[in-house]
Amino acid sequence: MFAGRRIGLFRILVLIVVLAGSALLLHRLEYIDHEMVTDSIRQFGYKNAEDKIKMPAGVRNTQDGLKIEYVEVADRQGTPQEIAHINFQRWKNVQQKKIHEPKDFNIEKIRPPADPATYDRELASIVSLVRNREMHALESSMREFEEKFNSKFLYPYTFLNEQPFSQKFKEKMRSLTKAEVNFVHIPNEVWRKPFDIDTLKEKEGIQSLLDDGVGYSDMESYHNMCRFYSGAFYKLPELQKYRYYMRMEPDVKFFTDINYDIFKYLSGTGKVYGFTVALYDSPQSVRTLFPETIKFLNEGNNSEYLHPRGAFQFTTESRQHPEIHKITGGYSTCHFWSNFEIADMDFFRGEAYSKYFEYLDSTGKFYYERWGDAPVHSLGLSLFADKLKIHWFQDIGYFHFPYYNCPNNEQTKGCNNGQFDEFNDLANQNCMGTWLHFETGVKDVY
């Protein structure tokens with residue numbers, strides 16, 4: 001009799017534990033079943049279009065349609081200031097750890113060749129959108145990049161300009177490298193503002209941005225640049241022969257001697273995007289970007305493009321800056337700072353991102369607001385890519401005013417490990433703690 005009671009009590013205890021565990025799991029990873037019925041989803045590694053997947057935290061089906069929202073995680077409690085401190089310390093602790101190179105690929109296979117002139121390179125190019133007047137600032141960036149990386153591999157450069165390049169500019173760039181150099185004049189129909197933009201609506205939008213103190217909001221060329229980098233550069237005929245690109249800006253610094261092929265690393269691991277810095281954006285510049293994104297996902301079968309392992313928490317986290325959510329309709333504005341990005345252009349050329357950009361472009365809000373290429377790229381990646389295929393190049397030291405990525409490794413010289421910004425007072429603009437907490441597999445990489 002007592003044995004029977006003990007067994008009954010044991011079963012009750014087991015049931016309690018199971019129910020408690022299930023409640024905690026559902027709190028942390030709520031999901032909905034979602035049918036995959038389009039061929040475009042197959043590229044993410046599923047065997048057939050009839051498989052059911054479980055959507056990660058943040059995706060909901062409601063009476064009003066699909067929603068993407070932040071789901072609270074129990075182990076992050078505190079005021080916004082406390083959360084900002086926790087996030088910054090998480091990033092700093094990782095940044096101060098002694099590292100070397102990525103460990104998720106055989107780096108020895110992609111070391112610098114004995115003769116870079118005969119090297120079998122990836123289909124990749126270093127891309128820079130630059131004007132003639134920025135020649136000296138770009139020269140500084142190129143000299144550092146050639147010394148730290150490209151003199152060892154000789155990847156070609158592609159310089160883009162909406163105006164013809166001067167002969168002086170061309171000669172200077174050619175003098176800085178032994179690699180192939182190409183100069184592209186961007187066609188007017190690709191660069192300029194679309195003819196159907198409502199000029200009155202644009203003027204009102206610009207004034208609202210100016211009233212909110214949003215930088216570059218009255219510069220049409222800046223709006224053009226954001227739209228161009230968001231959805232046009234990778235379509236240029238001169239870039240069609242390439243799959244991968246690295247973006248280079250004038251007046252940036254590279255602190256790390258890079259002794260492996262970063263393009264072959266992306267190719268070998270199947271990763272689609274690499275970055276060094278993640279930041280919050282000006283919420284006033286992207287007031288309706290996230291609501292428009294939700295509208296896109298609710299059109300037709302577009303929600304089927306969502307990747308089951310998307311970086312939803314990164315884009316919707318609300319604890320560090322809750323005031324941003326009120327302005328943006330639920331978007332954290334966390335984004336990969338795109339002045340340094342190494343990426344697979346086939347991701348952007350793919351059906352999901354292409355349809356997404358076309359929808360965003362149809363709203364005219366690259367001009368009525370000031371949507372940047374960084375938040376557009378970041379939202380597209382967070383929604384449609386496997387977050388484990390988005391790579392933080394922790395080992396590459398980099399600076400673009402005023403932000404740093406300064407790793408603790410022997411190959412990096414000239415920056416202060418653990419420093420985030422030039423002024424040491426912008427820690428609450430750092431999104432890396434959120435990325436590390438929710439989305440990354442960094443512990444398996446370095």
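The values are calculated or read from the model by the stated rules, or taken from the named source; none is laboratory data. Since the structure is predicted, the reported quantities are computational estimates derived from the model, not experimental observations. Cβ atoms come from the backbone with ideal geometry, glycine included; neighbour counts cover every protein chain shown. Ligands, DNA and RNA are excluded from the accessible area calculation, which covers all protein heavy atoms including side chains. Shrake-Rupley method; radii C 1.70, N 1.55, O 1.52, S 1.80 Å.
Summary of values
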quantity	calculated
Residues that are outside any helix (DSSP H, G or I) and either free of Cβ contacts under 8 Å to residues at least 40 places away in the same chain or touching a Leu at 6+ places or on another chain (Cβ under 7 Å) (or both), drawn from the stretch 370-381	R370, W371
Qualifying residue in the stretch 290-302 (condition: outside any helix (DSSP H, G or I) and surrounded by 23 or more Cβ atoms within 10 Å (Cβ to Cβ))	no
Test for G300: is it over 20 Å from K387 (Cβ atoms) and not β-branched (V, I, T)	yes
Sole residue being open to solvent by less than 40 Å² (accessible area, probe 1.4 Å) and at pLDDT 95 or above, chosen from S151, S141	S141
Count of the stretch 116-171 residues which are of a type in the set (D, E, K, R) and in a loop (DSSP other than H, G, I, E, B)	5
Filter result for G330 (open to solvent by 10 Å² or more (accessible area, probe 1.4 Å) and outside any helix (DSSP H, G or I))	yes
Tally of residues being part of a loop (DSSP other than H, G, I, E, B), modelled with pLDDT under 95 and open to solvent by less than 20 Å² (accessible area, probe 1.4 Å) across the stretch 390-440	2
Test: T315 is buried (at least 23 other Cβ atoms within 10 Å of the Cβ) and at pLDDT below 95	yes
Matching residues in the stretch 165-198 - criterion: being open to solvent by 60 Å² or more (accessible area, probe 1.4 Å) and closer than 27 Å to E220 by Cα	Q167, K168, H185, N188, E189, R192, F195, D196, D198
Criterion: in a loop (DSSP other than H, G, I, E, B) and in contact with a Lys or Arg (Cβ under 9 Å, 6 or more places away or on another chain) - qualifying residue of Y260, Y229, Y242	Y260
